[in-house]
1. How many of the residues in region 62-81 are surrounded by 12 or more Cβ atoms within 10 Å (Cβ to Cβ), β-branched (Val, Ile, Thr) and either at pLDDT below 85 or at positive phi (or both)?
2. Find all pairs meeting these conditions: Cβ atoms under 7 angstrom apart; at least six residues apart or on different chains; first residue within region 44-57 and in contact (Cβ under 8 Å) with a residue 12 or more places away in the chain; second residue assigned to a loop (DSSP other than H, G, I, E, B) and among the hydroxyl-bearing types (Ser, Thr, Tyr).
3. Are any residues in region 11-41 farther than 21 Å from Asp65 by Cβ and either at pLDDT below 90 or in contact with a helix residue (DSSP H, G or I) (Cβ under 8 Å, 6 or more places away or on another chain) (or both), and if so, which ones?
4. Give me a count of the residues in region 46-83 that are assigned to a loop (DSSP other than H, G, I, E, B) and hydroxyl-bearing (Ser, Thr, Tyr).
5. Tally time: how many residues in region 38-65 are of a type in the set (S, T, N, Q) and within 17 Å of Tyr89 (Cα to Cα)?
Amino acid sequence: MNHTIIKFACLIFVLGILSCNTPKEIKDIDLLELTISDIHSAYKDGRYTSEELVSAYIKQIEKFDDSINAISIINPKALTIAKKLDADY
């Protein structure tokens, strides 16, 4: 598997888990059914950006974490990193 794809998948996972600060508008992304292939296709087609995906994960964390207490640390720079990735790619 291409190292870039592996790195990208890991980054998306980490950003989703360790992120905070949501933007004003969050697209409704179905994270439960989302695959890495879906993410790649969506980026290529312009359906959403890294920032929007990270925001969706943050929203998911905020929705469920109080009841399951699974996340102990959230990276305050996650959206900044996602914006930079969008600008770079």
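The values are calculated or read from the model by the stated rules, or taken from the named source; none is laboratory data. All figures in this text were calculated on a predicted structure; none of them were measured in a lab. Here Cβ is always computed from backbone atoms with ideal geometry, including for glycine, and neighbour counts include all displayed protein chains.
1. Within region 62-81, the subset surrounded by 12 or more Cβ atoms within 10 Å (Cβ to Cβ) is 62, 64-65, 71, 74-75, 77-81.
Keeping just the survivors that are β-branched (Val, Ile, Thr) gives 71, 74, 80-81.
Restricting the remaining residues to those that are either at pLDDT below 85 or at positive phi (or both) gives 71, 74.
So the answer is 2.
2. The qualifying pairs are Ser55/Thr22.
3. Taking region 11-41 and keeping what is farther than 21 Å from Asp65 by Cβ, we get 24-25, 35-41.
Matches in region 11-41: Lys24, Glu25, Ile36, Ile39, His40.
4. First pass over region 46-83, keeping only residues assigned to a loop (DSSP other than H, G, I, E, B): 46-49, 69-74, 76-77.
Adding the requirement that they be hydroxyl-bearing (Ser, Thr, Tyr) leaves 48-49, 72.
Here the count works out to 3.
5. First, pick out the residues of region 38-65 that are of a type in the set (S, T, N, Q): 41, 49-50, 55, 60.
Now restrict to residues that are within 17 Å of Tyr89 (Cα to Cα): 41, 49-50.
Of the residues in that region, 3 qualify.
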